[in-house]
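Q: After the structure tokens below, expect a handful of questions from me.
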Amino acid sequence: MPTPASTAPTTTAMPIIGAGLEAELAAELGESMAAENSVAAPTPTRGPAFAGRSLSLRFPPTLDHAADHAQTFADAVGSLENRELDYTVTSLPLVDQVLGSFEEIGSDLTAETILTAGFYVGEVLVRRHGYRWVSVDDHVAEMFGFRLAVQGPAGSLTNPLGKVFKRVENGAEDSIEFFVTAQLASDARSS
């Protein structure tokens, strides 16, 4: 039975602008702007990251139950938010909102719900865009942090289970809506 890999996927954030370019832009914008930019924004408080503990799930995390996990998440969001998740890309901002509400708590304490959100994101690709759930080999599982992924029509693999954990651990910079939109655009260019 496939299970989450023993450790959570590594998450890192990359700066958008390199230090040299940032200094060059600051010089062009004047000293007052440079002084304002030198004050770092406060780092948001985030709870502990998922470290690969055993999860208490309603269904086993297998190919056969991917849709069941997705529906569990959709039902929970529907009852809490009084909004229906319809497995479309337009439903993903609500997924981002729900996952954003877990940032302060951390992904370890909310791992079961986050994982079901990952299944929901995968099911958006499966139900609406021709992807399918696949089991991955040990090498890919080590990179992804999970033994399941979704495979696009052109053969590309994507990791919605790992991405939802990154969304909670890194914040809005790891937008689920952007992730899916970019994946679909990339696959469209490959076709």
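Q: Mind listing just one residue for me: the one in the stretch 121-140 that is buried (at least 21 other Cβ atoms within 10 Å of the Cβ) and over 11 Å from the mean Cα position of the chain (by Cα) and, of those, farthest from Q183 (Cα to Cα)?
A: In this case the residue turns out to be E123.
Q: While we're looking at this one, here's another question. Considering only residues of the stretch 102-120 that are part of a loop (DSSP other than H, G, I, E, B) and of a type in the set (S, T, Y), which is least open to solvent (accessible area, probe 1.4 Å)?
A: Ranking the qualifying residues of the stretch 102-120, first place goes to S107.
Q: Of all residues in the stretch 141-191, how many are among the aliphatic types (A, V, I, L, M), open to solvent by 20 Å² or more (accessible area, probe 1.4 Å) and part of a helix (DSSP H, G or I)?
A: The qualifying residues number 6.
Q: In addition: Take the residues in the stretch 66-101 that are touching a residue at least 60 places away in the same chain (Cβ under 8 Å) and not hydrophobic (A, V, I, L, M, F, W, C); name whichever of them is most open to solvent (accessible area, probe 1.4 Å).
A: Once the filter is applied, the top-ranked residue is P93.
Q: Looking at E84, E123 in this structure, which one is under 26 Å from L184 (Cβ atoms), acidic (D, E), part of a loop (DSSP other than H, G, I, E, B) and out of contact with any Asp or Glu (no Cβ under 8 Å at 6 or more places or on another chain)?
A: E84
The values are calculated or read from the model by the stated rules, or taken from the named source; none is laboratory data. Bear in mind the structure is a predicted one, so any value in this text is a computation, not a measurement. Glycine gets a Cβ as well: all are built from the backbone with ideal geometry, and neighbour counts include every protein chain shown. For the accessible areas, the whole protein counts, side chains as well, though only heavy atoms, and no ligand, DNA or RNA atoms are used. Shrake-Rupley method; radii C 1.70, N 1.55, O 1.52, S 1.80 Å.
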